[in-house]
Amino acid sequence: MSWAQVDLFYYLPKEVSYNSEIPTPKSILGHEVGEWHVSHDKLVYFFYNLAGYSSRVKVEKYGQTYEYRPLLNVIITSEENHKKLEQIRQTHLMLSDPINSEKVDIHNLPVIIRLGYSIHGNEASGANASILLAYYLAAAQGKEIDELLDKCIILIDPSLNPDGLQRFSTWVNEHKSKNLNADPNNREFDEAWPGGRTNHYWFDLNRDWLLAQQPESIGRLKLFHDWMPNIQTDHHEMGSDATFFFQPGVPARKHPLISEDNAVLTEKIGAYHAKALDKEKRLYFTKESFDDFYFGKGSTYPDLHGGIGILFEQASARGHLKETQNGELSFPFAIKNHFISSLSTISAGYDLRLELLEYQRDFYKTAITKNKVDLGKAIILGANDDPSRLILLGQVLLQHHIKLYETTKDVELNHIKFNAGKSIIIPLNQSQNKLIRAIFERQTTFKDSLFYDISAWNFDLSFNTDLAWINDINSMKILGDQITELTLPKGNLTSRSTYAYAINWDQYFAPGAVNGLLQKGLILKVATDPFSTQEGEMYDRGTILIPIGIQNMGEDELFELLGKYASNYHLKINAISSGLSTSGIDLGSSSFSNLRKPTIAMLVGDGVNEYDAGEIWHLLDQRMDMHITMIPSVSVDRIKFNRYNVLILPDGSYGDLNSTGQEKIKEWVKNGGTLVASCNALRLISKLQLADLKFKKAVKDTSRIIAYADQQKAKGAQQIGGAIFTMEIDNTHPLAYGYHQKTIPVMKNSILSLESAANKNTNPFRYAKDPLLSGYTSIENLKQIGGSPAVSVAKFGEGKVIAFVDDYNFRAFWYGTNRLFINSIFFGNLIVI
C-alpha cells in the first residue's frame, strides 16, 4: 500500500452504507485524512461544514486559546435527541445530585460519551481521527447506527490544544516530501523548540485539569460539569517503537479514592477495545506503564465524578511515515487505531449504558453514606496576610463545583487564627467529597513507588494558605452563607498624602504594580528593616516606599496614578503623613534601598526545559505585566547584554550555549548583572564557576541484591516525580521579603540536591531535616535532601548569582513560592554577601 494515497475507505467499516449527501472529509479539506496533518483552522472549517449538512451534528464554541483559536464541542446524536437536548442534559445532571437522583428513569436516558483528542498538539493522530469519527457518525446509515445515536450523546473535542496542534501541523507539513521519507534522521521528525506539545505559554494541558490555570482548561472544566460524561477518553501518542495502549493502567498505581467498581467498568470497556483491535490484527498492551493516580489528567479527572476515564496511547509517526522496530509506521495507521478505539468506546457505552448510568448515580449517593465519619467534618482555609491567594484558590475550587461557605466569626484552630471575611469553609458533607479529599488530604505512604506524574498536589500547600480540619462544623456555629462567586479585592488607596505612600510586599500582585511604577520613572525604595508610622501601621521588611518629594510628578498626578494601580493590581496602598516613625527606621534611613527598574532576559531554545521557561513567561507576562525578552541560547554570543540587568536561566542542560556565549554571560555578571537559575541550570552555574556549587550524588540502593527484572523499578523508586517538601527560610533575607512564616511548602520534582557551602550564609534557605509534607520520596532521598540547601546566593565580581534548586513557579499553580522567584528579580542585586 502507498501510504501517500490512502483513501477514506481504508479507515471506515466496509459493511456500512453511507449517506452520499454528507460531504466527505476530502471534499471539505481538499485532501484525504492522513495525507497531510490537518491544521486547526481546517479542522474547525470541517466541523462547521459537517454540521451544516447533518441534523445529527451540532457545533458549539466553549472557549478560546491565548491565540484566539476556538475550542469546539461537537455534539452528535439522533435528530430526536437534538430536539430535547437541554432536557436530556438537565435530567442527566440529576444523577450527580444525591437528593434528586432517584427521580431519574435511566432506562430512557442516553449515555454521555465525551471523546477528547490531541491535548498534546504534536500527538496529532487523535485530532485527525476525530474527523473520521464525526463523518462516520453523521453519514453511516442503518438500524444499528440509528439505535446507537438514540441511546448515546457523543461529545467530540477534536483538538484540546489548538495552538499546539497548529504549531505542529505547520512544522510537519512544511517538511513533507512528495516521496515520503521514513528515515528517523529526517528533519520532519525533529521539531523546532518548543515543539507542539504545549499551549501558547508552553504548558502541558494534560496536567492542568485539576489545577485549572490555563484558559483551555477553564473552558473544558465548565463543559465537563455541564455534561458530566459517563465515559471520557483522552487520545495520546507515545514513542514510535511502541504499539497501542488502553486502560486499565498498572493496578497497583491506582489512587485509593478510585473505587473497585470503577476498575471493573474500566476493564469491561477495555474488552471492547481488545476485540476491535484483534479484528484489525493490531498490537496493543494494557495494565502496564501508565497509572490512574494524579487527578489532573483527562483520563483520571472523570474517575472522581462518577465517570470512567480512558487513556489511549498510540505509537507516534511524528510526521507522515517513520521507520520503527515494528516496520514503517504511517500517519494513517496511527489515525486508524484512534478511530478504532473511538468506535469501540462508543460501542461499550451503548452496551453498558444502564450500568454506567447506575454507577454514576450510585457514586454520588454513596459519596457521603460510605464515609459517615465525614458527615460533620469541614476544612477551613485562610490567608490573613494576602486575601488574593485565598480568593484565587477559592476560584479554582468553585470551577470544580465544590461548595464553599463564609465564616461568620473569628476562630482559632491549631494555634492559627482564621478571621471572618478572610476565611473559607469547605464542608465534607457534599457530593464532591472525594474530590475535596483528593485535593487536601496528605499522603506519604503508597502501595507502589513508581509514579507517571506527581504524587502530591495539595492546594493549601501550593497556595501557601492556612488550613485546619474541623471535626464538627455544626457545633462551632461558624458556618455562614454559601459562596457562589469570588472576586479579587478592588484595591484601595487609603487616602491622599503629601509625604509618602507604602505598599506591603506580602500582597500577591504587588510586583506588577511596582514594576509598572518603575517603568514610569518613579523612584521607589524598599525597607530592609521594619518600621511603624504615625498612622499606627506596622510595616515589615520588603515594604515599598513611594516618597512624594523626590518624584518628577505632581502630587495630584501621583495620587491618580496610584489609585489606578491599586485597582488594577488589587492592592491596598497606604498614605504616610510623616518621615518620623513611631518605631523602627525613619523614612529617610539608609535602611531603605532604591529599587532599580528590572530589564529581564531569559534564555530559551534547545536544551532549555520549555515547561519551566513557560511558567516564568506566564507569571511575568500574564500576572505581573512585566516584559521579558526571550533569547535563544544559541544566539547569546551575538547579543548585547548591557541592556539587561536580570538574566534568567530556567531548568535545562544548555547544550547550545557555546563557549563564547558562556564567557559573555560571565562577563555580564561580573559587571553587575543578576543571574537567576533554577533546577539543572545550576550545573551550568557550577561549570562556569559563577558560584561554588557542589552536587550530591544520586542515591543508589546497593544494600541488597535486586533481581534483574526488578532493577528498573528499584531505580525508578529513587526518583522524585513530584512531592511537597518543607523549606526553612530566613525571612529577614531579601529573597524572603513578603513572607511572615519561618517555613514554606515547595514542590520538588527532581532528586537534585546540594552540599552545604563553607560559608553557611550563602545558603539562606534549607529543606527541613524531616522535610516531607506530602507525596512519595524514598527513605534514602529523604536522608540526602533533609537539611540540605534549597537556595544558594553568590557574589561574582559586581554581580549576584541566585540559584534555586527547585521550580518555584511549578505549573503556574504553586502561588506560594512565586514571590521567592520574583524577589530575586527585584531585590537580588541588593543582597549583601
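Things worth noting here:
- Boolean, Asn73 is outside any strand (DSSP E or B), of a type outside the set (Asp, Glu), within 30 Å of Ala367 (Cβ to Cβ) and open to solvent by less than 40 Å² (accessible area, probe 1.4 Å): no
- Of the strands (runs of 3 or more DSSP E) lying entirely inside region 745-833, those containing at least 2 residues that are closer than 18 Å to Gln689 by Cα are 791-796, 799-804.
- Hits in region 434-445 - residues which are touching a Phe, Trp or Tyr at 6+ places or on another chain (Cβ under 9 Å) and either under 24 Å from Asp807 (Cβ atoms) or open to solvent by less than 50 Å² (accessible area, probe 1.4 Å) (or both): Lys434, Leu435, Ala438, Ile439, Phe440, Gln443, Thr444
- Only one entry of Leu148, Leu95, Leu85 meets the criterion of being under 31 Å from the mean Cα position of the chain (by Cα) and more than 30 Å from Leu165 (Cα to Cα), and that entry is Leu95.
- Just so you know, in region 13-29 the residues that are part of a loop (DSSP other than H, G, I, E, B) and among the hydrophobic types (A, V, I, L, M, F, W, C) include one that is least open to solvent (accessible area, probe 1.4 Å), and it is Ile22.
- Sole exception among (1) without any contact (Cβ under 8 Å) to a residue 12 or more places away in the chain; (2) within 28 Å of Ser344 (Cβ to Cβ) for Gln87, by number: (2)
- Taken over region 48-68, the residue count meeting the criterion of being open to solvent by less than 50 Å² (accessible area, probe 1.4 Å) and more than 22 Å from Leu223 (Cα to Cα) is 2.
- Number of residues in region 446-479 that are touching a Phe, Trp or Tyr at 6+ places or on another chain (Cβ under 6 Å) and in a strand (DSSP E or B): the value is 1.
- The residues on offer are Glu260, Glu174, Glu216, and the sole one that is of a type in the set (Asp, Glu), more than 27 Å from Thr324 (Cα to Cα) and open to solvent by 50 Å² or more (accessible area, probe 1.4 Å) is Glu260.
- Out of Leu211, Leu160, Leu180, one residue alone is buried (at least 21 other Cβ atoms within 10 Å of the Cβ) and out of contact with any Pro (no Cβ under 6 Å at 6 or more places or on another chain). It is Leu160.
- The set of residues from region 334-373 being surrounded by fewer than 19 Cβ atoms within 10 Å (Cβ to Cβ) and charged (D, E, K, R) comprises Asp351, Glu355, Glu358, Asp362, Lys370, Lys372.
- Lys151 vs. criteria touching a residue at least 60 places away in the same chain (Cβ under 8 Å) and charged (D, E, K, R): yes
- The strands (runs of 3 or more DSSP E) falling completely within region 504-611 include none with 2 or more residues that are in contact with a Pro (Cβ under 6 Å, 6 or more places away or on another chain).
- The set of residues from region 165-197 being in contact with a Leu (Cβ under 8 Å, 6 or more places away or on another chain), in a loop (DSSP other than H, G, I, E, B) and within 27 Å of Ala613 (Cα to Cα) comprises just one member, Gly196.
- Considered as a group, the residues in region 267-315 that are among the basic types (Lys, Arg) and under 23 Å from Val111 (Cα atoms) include one that is nearest to the chain's Cα centre (by Cα), and that residue is Lys297.
- Considering region 243-281, the residues that are of a type in the set (Lys, Arg) and either part of a helix (DSSP H, G or I) or in contact with a His (Cβ under 6 Å, 6 or more places away or on another chain) (or both) include one that is farthest from Asp453 (Cα to Cα), namely Lys279.
- Looking only at region 721-769, and only at residues there that are over 27 Å from the mean Cα position of the chain (by Cα) and among the β-branched types (Val, Ile, Thr), the one that is modelled with the lowest pLDDT: Thr762
- Residues that are closer than 30 Å to Arg187 by Cβ, outside any loop (DSSP other than H, G, I, E, B) and among the hydrophobic types (A, V, I, L, M, F, W, C), drawn from region 309-351: Phe312, Ala315, Leu321, Leu329, Phe331, Phe333, Ala334, Ile335, Phe339
- Hits in region 764-787 - residues which are open to solvent by 10 Å² or more (accessible area, probe 1.4 Å) and under 30 Å from Lys664 (Cα atoms): Pro764
- Test set (1) assigned to a loop (DSSP other than H, G, I, E, B); (2) open to solvent by 10 Å² or more (accessible area, probe 1.4 Å); (3) not hydroxyl-bearing (Ser, Thr, Tyr) - Gly306 fails condition number: (2)
- Subset of region 230-241 that is assigned to a loop (DSSP other than H, G, I, E, B) and open to solvent by less than 30 Å² (accessible area, probe 1.4 Å) - its residue that is nearest to Leu304 (Cα to Cα): Asn230
- Among residues that are in contact with a helix residue (DSSP H, G or I) (Cβ under 8 Å, 6 or more places away or on another chain) and in contact (Cβ under 8 Å) with a residue 40 or more places away in the chain, Phe531 is not included.
- Test: residue in region 636-649 that is of a type outside the set (A, V, I, L, M), within 28 Å of the chain's Cα centre (by Cα) and crowded, with 17+ Cβ neighbours inside 10 Å: no
- Consider region 480-489 and keep the residues that are in a loop (DSSP other than H, G, I, E, B) and modelled with pLDDT of 95 or more. The one that is nearest to Pro427 (Cα to Cα) is Thr484.
- Region 451-463, residues that are within 15 Å of Val250 (Cα to Cα) and surrounded by fewer than 21 Cβ atoms within 10 Å (Cβ to Cβ): Tyr452, Asp453
- Any pair with Cβ under 7 angstrom, 6 or more apart, that starts in region 437-451 at a residue that is over 17 Å from Leu772 (Cα atoms) and modelled with pLDDT of 80 or more and ends at one that is of a type in the set (A, V, I, L, M) and in a helix (DSSP H, G or I): Ala438/Leu304
- Considering region 316-338, the residues that are in contact with a Leu (Cβ under 8 Å, 6 or more places away or on another chain) and of a type in the set (A, V, I, L, M, F, W, C) include one that is farthest from Phe245 (Cα to Cα), namely Leu321.
- If you check Ala790, Ala717 for being open to solvent by less than 40 Å² (accessible area, probe 1.4 Å), of a type in the set (A, V, I, L, M, F, W, C) and farther than 22 Å from Leu682 by Cβ, only one passes: Ala717.
The values are calculated or read from the model by the stated rules, or taken from the named source; none is laboratory data. Values in this document were obtained by computation on a predicted structure and should not be read as measured data. In this analysis, Cβ positions are derived from the backbone assuming ideal geometry, glycine residues included, and neighbour counts consider all displayed protein chains. Calculation scope for accessible area: heavy atoms of the full protein, side chains included, ligands and nucleic acids excluded. Shrake-Rupley method; radii C 1.70, N 1.55, O 1.52, S 1.80 Å.
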